[in-house]
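Engineer: Just dropping this structure here.
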Amino acid sequence: MDFNDTQDEARFRAEAAAWLADNVPQGEEIAGLTRLEFARLWQKRKYDAGWACIGWEPKFGGRGATPIEQVIWDQEESKYDVPSRFFMIGQGMAAPTMMMWASAEDQARYLPPLASGEEIWCQLFSEPASGSDLAALRTRAERDGDAWVINGQKIWTSGAHYSDFGILVVRTDPSVPKHKGLTYFFLDMRSPGVEIRPIKQLTGESEFNEVYFTDVRIPDSQRLGEVGQGWHVALSTLMNERAAIGEGGFSVGVDMAVRIAQRVMLNGRPAIEDSAVRAKIANFHVQETGLKFAGYRSLTAMSRGEMPGPENSIAKLIGAPKLQQLSSFCMDLMEMAGVIWDPELSLEAGAVQMAYMGAPGLRIAGGTDEILANIVAERVLGLPQEPRMDKGIPFTEVPTG
Amino acid sequence: MNFEFSEEQQMLRDQARGFLAQHCPPSAVRTALDSDAPFDAELWRKVADMGWMATVIPEEYGGLGLSYYELAVIAEEMGRAVAPIPFSSSVYLASEALLQFGTEALRERWLPKLAEGSVIGTFAFAEGIGRPCADTITATFSGGSLSGTKLPVPDGDIADLVIVVAKDAASQAMCLYAVDCAQSGVRRDELQTLDFSRSHATLHFDNVQAEPLQADGETTIAALLDRAAVLFGWEQIGLADAALEQAREYAMQRYAFGRQIGSYQAIKHKLAAVYAKNSLARSNGYYGAWALQEKSSDLTLAAATVRVAGIQASLFATQENIQTHGGMGFTWEFDCQFYYRRARLLASVVGSEAMWQDRLVGELDRSSAAVA
């Protein structure tokens, strides 16, 4: 065990830090850019210098870095306020799925522009009638020669409105039990018949969308896995999803709570001297470092060639509620002014309020707390599944409502 | 960077687990619980033969000179087995105190015997109810002799050597003193605690001979507690995992309403929450073990973190283990009680959750102020 860098790792860290110091866009260069434009500028710059998706093989646009080097890079990059969330789904979920299931030609075509940020991908899984019960999805695909014709609706599709491509699970055979009738594709989001409607979230933003499919044609060559194997392929995406989401890129952590508690007065003393405040901060710290080190441990496992396993589900199972509770606690520290959400007036420029408003989404996206707890119970602890009313019967006969 | 125990260390864990499964099965814990014997002397001898008390003691003092990673692995298995022996008192506290802060004469005198298990050591800090500190400690050292009363002292009834926290009469500072219990001025009263498998005592010292460890009192005591906290944390990690495993097995076997209770989400989500807490404790334990072995400047923070996480995980796991068992878990006959008792005992030794939360945030406060 060694939490310090080896000589090679220290050299790599120094190289990464030096490149970042010279290259992170700032000042006039980013003035007037939207967050997305800033993200694209930064991603392309990293790509051109060999610092994008560094764990990927060079032929896909990476540099074949080790998982440990990836962590070192992430640690160094996180010292700067640079956007990355726009690429999370594409690089974190679509790409690993493509690496596992796509043809060599398609990998060569699609992965490099994913790494460079020139093409953005979204994930078309959830539907109005299939959230936690994802395999109950109803969007239909019917074979027509060398293509498939898609009809139906997806929902909660982050970034569909700025995405170039999407990964998609659809039902190709409703006459068999639900998991067996699914097939997995990728598609061009500009295909005729794709209609995207934004959903306004409780934060006021519209990151999510509904996506409607009306006679959308997808070439059979864009199928990933066999016909009917879609669930299996989807699981490989979901496992990467849970590893990728974690705390969802919010910057509210224990260090911020400590800063606020040092600054805010309670009964005439800095709040951090209060024992109730200390107990709560300590508990958040246990969660935060516990998750960080659990992530490190899974890296060491990955360095030995193991896949990210269901153990990683705790990253989001713990991380998302922690974000919600920690941001609420920080607002309590501010007493009555905790409700003020104004970049000029709020402490930490309103990041705490933003995190609290975003946290409910994080507890749902990519598997709710409840689904993740089931995954831990069934796949880590080996407990039996609940009896299922839809087990073994054709999808068309499953009760709905 | 490498965030895993080495293959040799993992082999040692397997070996320790196998050894304790054979020599310290639940029936041995039950015997200790039911009997008047203060500890399982036979198990103690066998563990001594394995050399585990000698793990981190240098070879010059008759030890094996291994690292704290090996000791952490053994501690985990001690916790898993709920071992009814004075391992923690003798190894994490008494031996550590001498190793880190003892004079050369004290080390030469005691460490070889502690290493071979022929001597049992312990640590006497508390003086009854409340958090001990310089204002409350009344045990006093003056002119080479020590007087005062300490309780509860883990293994105080069987210890040959006690490291005592007392005030130096001249400086009024809390310091550590080594006391040989084979003196007429040492009186022991057996003390009933909630964990019948581990013995405790009240120790009375009436002008007994005592030898000071290093002079710099309060920081030395804090440093000793930090070191012990990491190792107790690993015992708690092993204990919490054992309780989870027991709950899991019961949930697989027990049927209600026509199916295994482990198939209900009420049970699944409970055990997933136990798993998550255990996992946090274990991951923090890795960092704690590293900080201890590498003498990291982060040791206090790392130790407090694994200690708080270990307390939380082991209490929660042992409470929910009984809950999962229902009424049977509340009986004397079932083994759930072993874990429940030991977890509560370990949550109090070397300081409560609140004490370590306070210490943890003290470190965060200090380092954050240093940055600003």
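Readers should treat all values here as calculations from the given coordinates under stated rules, not as data from a laboratory. Here the structure is a predicted model, which is why all the values come from computation and not from measurement. When we count neighbours, we look across all protein chains shown, and the Cβ atoms used for this are built from the backbone with ideal geometry, even at glycine.
Engineer: Loop-only chymotrypsin sites (Phe, Trp or Tyr not before Pro) in the range B:264-346, please: DSSP not H, G, I, E or B, and at most 12 other Cβ atoms within 10 Å.
Structural biologist: Passing both the DSSP loop test and the Cβ count: B:Trp332.
Engineer: Along the Cα→Cβ direction, 7 angstrom out, place labels at A:Asn267 and A:Ser78. What is the inter-label distance in nm?
Structural biologist: Rounded to a tenth, the inter-label distance reads 3.5 nm.
Engineer: Pairs of lysine in chain A with Cα under 26 Å and at least 8 positions apart or on different chains: total?
Structural biologist: Eligible lysine pairs with Cα atoms under 26 Å apart amount to 23.
Engineer: What average count of beta carbons from other chains do you get within 10 Å of the Cβ of residues in A:268-279?
Structural biologist: For peptide A:268-279, the averaged partner shielding equals 3.
Engineer: For B:Ser184 and B:Ala21, FRET efficiency with R0 = 30 Å and r from the beta-carbon atoms, rounded to 0.05?
Structural biologist: The formula returns an efficiency of 0.10 here.
Engineer: Now a separate question. Taking each residue of B:257-265 in turn, how many C-beta atoms of other protein chains fall within 10 Å of its C-beta, and what is the average?
Structural biologist: Mean shielding count: 3.
Engineer: Could you give me the ³J(HN,Hα) list for the range B:217-223, computed from phi with Karplus coefficients 6.51, -1.76, 1.60 and θ = phi - 60°, whole Hz, x at Gly and Pro?
Structural biologist: So the J values, rounded to whole Hz, are x, 5, 5, 5, 4, 4, 5.
Engineer: When Cβ neighbours within 10 Å are restricted to other protein chains, what is their mean count per residue of peptide B:279-292?
Structural biologist: Going residue by residue through B:279-292 and averaging, the value is 5.
Engineer: Would you please state the base-10 log of I(q)/I(0) at q = 0.07, 0.08 1/Å for the protein assembly as shown, with intensities from the Debye formula using one equal scatterer on every alpha carbon?
Structural biologist: Here log10 of I(q) over I(0) equals -0.59, -0.76.
Engineer: Would you mind putting B:229-240, A:284-295, A:370-381 in packing order, based on average other-beta-carbon counts within 10 Å, highest first? It would help to have the intermediate numbers written out before the result.
Structural biologist: Working: B:229-240: 30.2, A:284-295: 23.0, A:370-381: 20.7.
Top of the packing list down: B:229-240, A:284-295, A:370-381.
Engineer: Against the globular-protein guess of 2.2 N^0.38 Å, express the Cα radius of gyration of the range A:1-159 as a ratio, rounded to two decimals.
Structural biologist: Its radius of gyration relative to the 2.2 N^0.38 Å reference: 1.25.
Engineer: Would you calculate, for the protein assembly as shown, the mean residue ellipticity at 222 nm contributed by helices, counting each DSSP H stretch of 4 or more residues as -39,500 (n - 2.57) and dividing by all residues, to the nearest 500?
Structural biologist: -15000 deg cm²/dmol
Engineer: Can you tell me which lysines have their Cα less than 29 Å from the Cα of B:Lys150? Leave out same-chain residues fewer than eight positions away.
Structural biologist: B:Lys113, B:Lys167
Engineer: According to the Kirkwood expression over distinct Cα-Cα pairs, how big is the hydrodynamic radius of chain A, in Å?
Structural biologist: Hydrodynamic radius (Kirkwood, Cα only) of chain A equals 22.9 Å.
Engineer: I need the peptides A:340-349, B:246-255 ranked by packing, meaning the mean over residues of other C-beta atoms within 10 angstrom, with the highest value on top.
Structural biologist: Numbers: A:340-349: 13.4, B:246-255: 17.9.
Output ranking for A:340-349, B:246-255: B:246-255, A:340-349.
Engineer: Here's something else I'd like to know. Highest mean first, what order results for A:3-15, A:86-98 on Cβ atoms within 10 Å?
Structural biologist: Highest-to-lowest ranking by the protection proxy: A:86-98, A:3-15.
Engineer: Also, quick follow-up: What does the extension gain come out to for B:Asp298 and B:Met355, with contour length at 0.36 nm per residue minus their alpha carbon separation?
Structural biologist: Gain in length upon complete extension: 18.7 nm.
Engineer: Have a look at B:Lys46, B:Lys277, B:Lys295 and tell me which one the Gaussian network model of chain B (Cα, springs below 10 Å) gives the largest fluctuation.
Structural biologist: Top of the fluctuation ranking is B:Lys295.
Engineer: Suppose every Lys and Arg Cβ carries +1 and every Asp and Glu Cβ carries -1, with no other charges. What dipole size does the protein assembly as shown come out with about its Cα centre, to the nearest 20 debye?
Structural biologist: It comes to approximately 1580 debye.
Engineer: Output the Cα-based Rg and Dmax of the range A:121-229 in Å, rounding Rg to one decimal and Dmax to a whole number.
Structural biologist: Gyration radius and largest Cα-Cα distance of the range A:121-229: 13.4, 45 Å.
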